[in-house]
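Undergrad: Below is one structure. I have some questions about it.
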Number of protein chains: 2
Amino acid sequence: MSDAAAILKGLTDKARQAARVLARADEATRNLALNAAAQALRANSAAIVAANEQDLAGLSADRTAAFRDRLTLTPGRVEAMAKGLEDVAKLPDPLGRILAEWERPNGLLFRRVAVPLGVIGMIYESRPNVGADAAALCIKSGNAVILRGGGESLNSARAIHAAMVEGLTAAGLDPACVQILPSADRTLVGALLQAAEGVDLIIPRGGKTLVERVQREARVPVLAHADGLNHTYVHASADPEMARRVLLDAKMRRTGICGATETLLIDRAIAPSLLPHIVDDLAAKGCTFRADETARSIVSTLPPASAADFDTEWLDSILSIAVVDGVEEALDHIARHGSAHTEAIIAEDPEIAAAFMNGTDSAVVLWNASTQFCDGGEFGFGAEIGIATGRMHARGPVGLEQLTCYRYEVLGNGQVRG
Amino acid sequence: MSDAAAILKGLTDKARQAARVLARADEATRNLALNAAAQALRANSAAIVAANEQDLAGLSADRTAAFRDRLTLTPGRVEAMAKGLEDVAKLPDPLGRILAEWERPNGLLFRRVAVPLGVIGMIYESRPNVGADAAALCIKSGNAVILRGGGESLNSARAIHAAMVEGLTAAGLDPACVQILPSADRTLVGALLQAAEGVDLIIPRGGKTLVERVQREARVPVLAHADGLNHTYVHASADPEMARRVLLDAKMRRTGICGATETLLIDRAIAPSLLPHIVDDLAAKGCTFRADETARSIVSTLPPASAADFDTEWLDSILSIAVVDGVEEALDHIARHGSAHTEAIIAEDPEIAAAFMNGTDSAVVLWNASTQFCDGGEFGFGAEIGIATGRMHARGPVGLEQLTCYRYEVLGNGQVRG
């Protein structure tokens with residue numbers, strides 16, 4: 001066993017033991033840990049900001065202002081983190097829910113009961129608050145977590161972790177419920193990804209490079225999405241005003257989030273009357289375009305799309321545009337170019353909407369609403385730890401419920417199978 | 001790309017396309033395919049048995065009688081396969097179920113809807129009927145499947161596959177919904193396990209060697225269990241007659257199935273009066289024992305257990321026995337030695353039973369019933385494709401519902417996130 005694997009084994013053994021106790025802790029105890037950790041964040045706010053200043057001072061000069069901003073903690077941001085923990089404490093308990101219950105003719109009573117997943121590895125990048133948010137969701141859902149933040153934020157991560165440990169200790173829980181990797185050594189990340197015995201799930205949260213590395217290297221199951229190449233399809237039956245309003249939000253509300261629309265598919269029948277308005281609306285907000293030939297024959301000022309453009313997640317003020325002949329062609333386009341994340345249809349015809357929703361292979365599909373609603377908060381989950389596009393377990397926003405699995409409880413009075 | 005990978009890519013591309021159409025096929029069409037395949041099995045019964053005879057003739061002489069029996073198809077077994085397909089057709093449709101539904105204050109209506117997983121790789125060993133059963137469950141649940149049976153049963157597998165194709169064709173579905181690997185070449189299995197782009201889930205069904213190889217090599221998610229090292233814990237409050245009756249079934253009904261009890265944990269308080277009877281009951285059926293020192297101080301004829309015995313899945317008429325001091329010690333033993341498959345408690349005290357059920361980390365936990373109930377049929381699932389002990393997605397018996405995941409459908413009237 002390599003040094004890194006041995007270090008990981010030490011962490012995961014402790015995590016497994018802590019998780020076993022945490023899984024049985026009642027809701028009040030788990031909430032106490034969260035509320036006490038929130039108090040500890042507030043009490044140690046100055047120390048956390050000072051640790052963060054160390055991280056900022058160590059940043060290489062070529063880091064962008066945006067990166068520096070994501071890394072920065074202020075007293076206000078520490079307070080927001082503390083408030084976030086208290087908000088998670090207020091969410092309904094995801095454990096012990098009876099997901100299904102039935103009786104068999106032999107009198108056996110079957111129950112499917114929500115239980116924690118076990119030990120979660122959380123790998124994230126520059127924003128230090130992600131560590132606190134993830135730890136809160138894991139504690140509430142009865143899971144132990146091993147956190148690995150960005151190498152640039154190690155001091156911040158340690159200071160935040162210390163507050164989580166204070167909270168756990170105040171509630172009489174094992175501090176090993178929340179652990180951080182002891183150094184920024186990248187071989188430890190590799191060992192975490194390989195620790196199939198000790199870790200039940202890896203959640204990477206960050207850019208595409210990070211997520212793809214994790215998906216490639218992990219032997220542990222991964223809950224993630226690499227791309228959000230989302231489409232909004234405007235059907236011929238669409239209400240034109242609604243289509244314009246929704247498109248503007250779907251593309252431009254925030255262009256850098258994974259729920260942003262990247263490609264507009266618009267029906268040939270409605271494009272001549274509607275597309276010029278959509279283009280004007282978006283251009284007025286600074287959007288640029290990559291359009292197929294049919295779209296360019298309608299709005300001649302649109303620049304041409306290359307073949308690769310329809311496979312590109314822009315995360316920017318750029319919209320790919322293709323004209324299609326009806327819902328089947330739209331679905332074909334999405335099957336070829338989509339990333340199974342989020343799609344929307346704008347249509348008044350309910351049969352068309354149903355055909356579209358039933359024909360997509362994506363985690364989230366919206367009818368007459370903006371793709372930017374793909375977000376745990378907007379779903380009413382209270383908080384999310386990420387968004388998943390895999391087919392196993394959870395898809396779409398991952399909240400507390402999705403951090404549980406189930407066991408079967410079978411209640412008898414001496415039944416034998418005979 | 002290796003030759004094997006290229007062959008696999010051809011199969012998975014076809015499977016993906018077929019799955020997309022199958023996912024949208026209505027229930028009547030999927031049932032028609034199953035019923036027509038059942039008819040095709042019956043119509044081709046003689047040809048299937050003849051193909052099976054070729055397989056049997058090719059068997060090396062050192063194969064056991066049990067292996068030969070598992071491989072053998074008779075007209076009766078073909079009829080049973082056909083009946084199995086018809087039974088699956090009668091099960092409720094697992095697709096389109098609304099798993100959850102809620103409305104947000106902005107008027108958006110959220111629905112979590114059951115959809116197929118996509119493309120499934122099924123790897124099994126000698127029993128050829130597993131291919132038909134798995135294909136039936138996959139068709140009904142809208143999944144395409146690529147089958148890989150044992151190398152010894154290739155002719156049988158091809159003959160059964162031909163009947164599945166007849167059924168699919170009769171229903172107007174793509175025959176690529178059910179494919180088999182074109183040869184027994186083991187590099188094709190390796191390529192299947194690596195095909196993370198083309199396959200959504202691998203289900204291995206067979207011995208521990210097969211399952212462990214799959215779990216080790218697969219880059220695709222795996223739904224499986226390697227071990228069923230199951231415990232029955234007899235608490236001091238147990239009804240002694242019930243304990244005897246249940247133990248006899250749990251250990252001896254069928255010793256070779258994964259739901260058999262392998263270890264008896266019995267409370268110190270009840271062991272002196274009860275253990276001798278349990279041992280007598282089981283010994284009368286041919287069971288032998290490996291007992292810890294305390295158990296041997298009560299029943300002196302019991303042979304001693306080695307340290308490894310409590311980590312051994314016997315799959316035979318052998319029972320490990322340990323005496324424990326209460327439920328916590330029983331849970332500790334299970335946490336150290338169990339395989340997260342199935343555990344049972346025999347107890348009259350409901351608080352103790354709840355503590356046991358809540359304290360186990362296993363997929364299935366029974367109160368006052370035999371561990372041999374861990375079976376999709378006994379759960380009322382109608383059929384099962386396997387039993388899973390992982391923490392992701394499905395645990396316990398895997399039936400039709402567990403071959404689905406979900407998507408979110410979000411219904412609006414022009415909402416933007418703003």
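The values are calculated or read from the model by the stated rules, or taken from the named source; none is laboratory data. Predicted model, so just to flag it, every value in this text is computed and none were measured. As a convention, Cβ positions derive from the backbone with ideal geometry for all residues, glycine included, and neighbour counts pool all protein chains shown. Just the protein is used for accessible areas: all its heavy atoms, side chains included, with ligands, DNA and RNA removed. Shrake-Rupley method; radii C 1.70, N 1.55, O 1.52, S 1.80 Å.
Undergrad: Of all residues in segment A:1-43, which are within 14 Å of chain B (Cβ to nearest Cβ) and either among the hydrophobic types (A, V, I, L, M, F, W, C) or in contact with a Lys or Arg (Cβ under 9 Å, 6 or more places away or on another chain) (or both)?
TA: Selection gives A:Ala15, A:Ala18, A:Ala19, A:Val21, A:Leu22, A:Ala23, A:Ala25, A:Glu27.
Undergrad: So A:His235 fits all but one of (1) within 23 Å of the chain's Cα centre (by Cα); (2) open to solvent by 10 Å² or more (accessible area, probe 1.4 Å); what number is the exception?
TA: Against the list (1) within 23 Å of the chain's Cα centre (by Cα); (2) open to solvent by 10 Å² or more (accessible area, probe 1.4 Å), A:His235 comes up short only on (1).
Undergrad: Modelled with pLDDT of 85 or more, more than 30 Å from A:Glu101 (Cβ to Cβ) and touching a strand residue (DSSP E or B) at 6+ places or on another chain (Cβ under 8 Å), is that true of A:Ile352? Explain how you work it out, then say what you get.
TA: Numbers: modelled with pLDDT of 85 or more: yes; more than 30 Å from A:Glu101 (Cβ to Cβ): yes; touching a strand residue (DSSP E or B) at 6+ places or on another chain (Cβ under 8 Å): yes.
When the stated conditions are applied, A:Ile352 passes them.
Undergrad: Can A:Ala322 be described as within 14 Å of chain B (Cβ to nearest Cβ) and touching a residue at least 40 places away in the same chain (Cβ under 8 Å)? Can you show your working first?
TA: Details: within 14 Å of chain B (Cβ to nearest Cβ): no; touching a residue at least 40 places away in the same chain (Cβ under 8 Å): yes.
It is false that A:Ala322 is within 14 Å of chain B (Cβ to nearest Cβ) and touching a residue at least 40 places away in the same chain (Cβ under 8 Å).
Yes or no, residue by residue, for (1) modelled with pLDDT of 85 or more; (2) within 10 Å of chain A (Cβ to nearest Cβ); (3) open to solvent by 30 Å² or more (accessible area, probe 1.4 Å):
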| position | (1), (2), (3) |
| --- | --- |
| B:Ala363 | no, yes, no |
| B:Ala369 | yes, yes, no |
| B:Phe379 | no, yes, no |
| B:Glu384 | no, no, yes |
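Undergrad: Sticking with this structure for a sec: Please determine whether any residue of segment A:257-279 is open to solvent by 50 Å² or more (accessible area, probe 1.4 Å), under 26 Å from A:Ile387 (Cβ atoms) and in contact (Cβ under 8 Å) with a residue 12 or more places away in the chain. Spell out how you get there, then give the answer.
TA: First, the residues of segment A:257-279 that are open to solvent by 50 Å² or more (accessible area, probe 1.4 Å): A:268-269, A:272-273, A:277.
Those left that are additionally under 26 Å from A:Ile387 (Cβ atoms): none.
No, segment A:257-279 contains no residue that is open to solvent by 50 Å² or more (accessible area, probe 1.4 Å), under 26 Å from A:Ile387 (Cβ atoms) and in contact (Cβ under 8 Å) with a residue 12 or more places away in the chain.
Undergrad: Right, something else. Taking the condition touching an Asp or Glu at 6+ places or on another chain (Cβ under 8 Å), open to solvent by less than 40 Å² (accessible area, probe 1.4 Å) and assigned to a strand (DSSP E or B), does B:Ile120 pass?
TA: The answer is yes for B:Ile120.
Undergrad: Moving on to the next point. Of all residues in segment B:386-416, count the ones that are within 7 Å of another protein chain (Cβ to nearest Cβ) and either in contact (Cβ under 8 Å) with a residue 60 or more places away in the chain or in a loop (DSSP other than H, G, I, E, B) (or both). Show your work before the answer.
TA: Initial filter on segment B:386-416 (within 7 Å of another protein chain (Cβ to nearest Cβ)): B:391-393, B:395-396, B:405-416.
Filter once more, keeping what is either in contact (Cβ under 8 Å) with a residue 60 or more places away in the chain or in a loop (DSSP other than H, G, I, E, B) (or both): B:391-393, B:395, B:405-413, B:415-416.
Matching residues across segment B:386-416 total 15.
Undergrad: Of the residues that make up segment A:135-152, is at least one charged (D, E, K, R) and either open to solvent by less than 30 Å² (accessible area, probe 1.4 Å) or in a strand (DSSP E or B) (or both)?
TA: Taking segment A:135-152 as the starting set, the residues that turn out to be charged (D, E, K, R) are A:140, A:148, A:152.
In the following step, the residues that additionally are either open to solvent by less than 30 Å² (accessible area, probe 1.4 Å) or in a strand (DSSP E or B) (or both) were identified as A:140, A:148.
Within segment A:135-152, one or more residues are charged (D, E, K, R) and either open to solvent by less than 30 Å² (accessible area, probe 1.4 Å) or in a strand (DSSP E or B) (or both).
Undergrad: B:Asp325 - would you say it is within 19 Å of B:His341 (Cβ to Cβ) and either surrounded by fewer than 17 Cβ atoms within 10 Å (Cβ to Cβ) or touching a Ser or Thr at 6+ places or on another chain (Cβ under 6 Å) (or both)? Walk me through it before giving the result.
TA: Numbers: within 19 Å of B:His341 (Cβ to Cβ): no; either surrounded by fewer than 17 Cβ atoms within 10 Å (Cβ to Cβ) or touching a Ser or Thr at 6+ places or on another chain (Cβ under 6 Å) (or both): yes.
Judged against the criteria, B:Asp325 is not a match.
Undergrad: Within segment B:391-418, take every residue that is within 12 Å of the chain's Cα centre (by Cα) and not aliphatic (A, V, I, L, M) and give me the one that is surrounded by the most Cβ atoms within 10 Å (Cβ to Cβ).
TA: B:Gly396
Undergrad: Right, another one. State which residue pairs qualify: first residue free of Cβ contacts under 8 Å to residues at least 60 places away in the same chain and inside segment A:54-80, second residue loosely packed, with under 13 Cβ neighbours inside 10 Å in any location, beta carbons under 6 Å apart, and separation of 6 or more residues or different chains.
TA: Within 6 Å, no pair qualifies.
Undergrad: Got a number for residues in segment B:102-111 being of a type outside the set (Gly, Ala, Ser), touching a strand residue (DSSP E or B) at 6+ places or on another chain (Cβ under 8 Å) and surrounded by fewer than 16 Cβ atoms within 10 Å (Cβ to Cβ)? Quick ask: steps written out before the conclusion?
TA: Of the residues in segment B:102-111, the ones of a type outside the set (Gly, Ala, Ser) are B:102-106, B:108-111.
Now narrow it down to the ones that are touching a strand residue (DSSP E or B) at 6+ places or on another chain (Cβ under 8 Å): B:102-104, B:106, B:108-111.
Now restrict to residues that are surrounded by fewer than 16 Cβ atoms within 10 Å (Cβ to Cβ): B:102-104, B:106, B:109.
Looking only at that region, the number is 5.
Undergrad: Kindly establish whether B:Ala284 is open to solvent by 80 Å² or more (accessible area, probe 1.4 Å) and of a type in the set (A, V, I, L, M, F, W, C). Before you say what the answer is, go through the steps one by one.
TA: Working: open to solvent by 80 Å² or more (accessible area, probe 1.4 Å): yes; of a type in the set (A, V, I, L, M, F, W, C): yes.
So B:Ala284 passes the test.
Undergrad: Out of the residues in segment A:191-207 meeting the condition of being away from chain B (no Cβ under 14 Å) and not in a loop (DSSP other than H, G, I, E, B), tell me which one is most open to solvent (accessible area, probe 1.4 Å).
TA: A:Arg205
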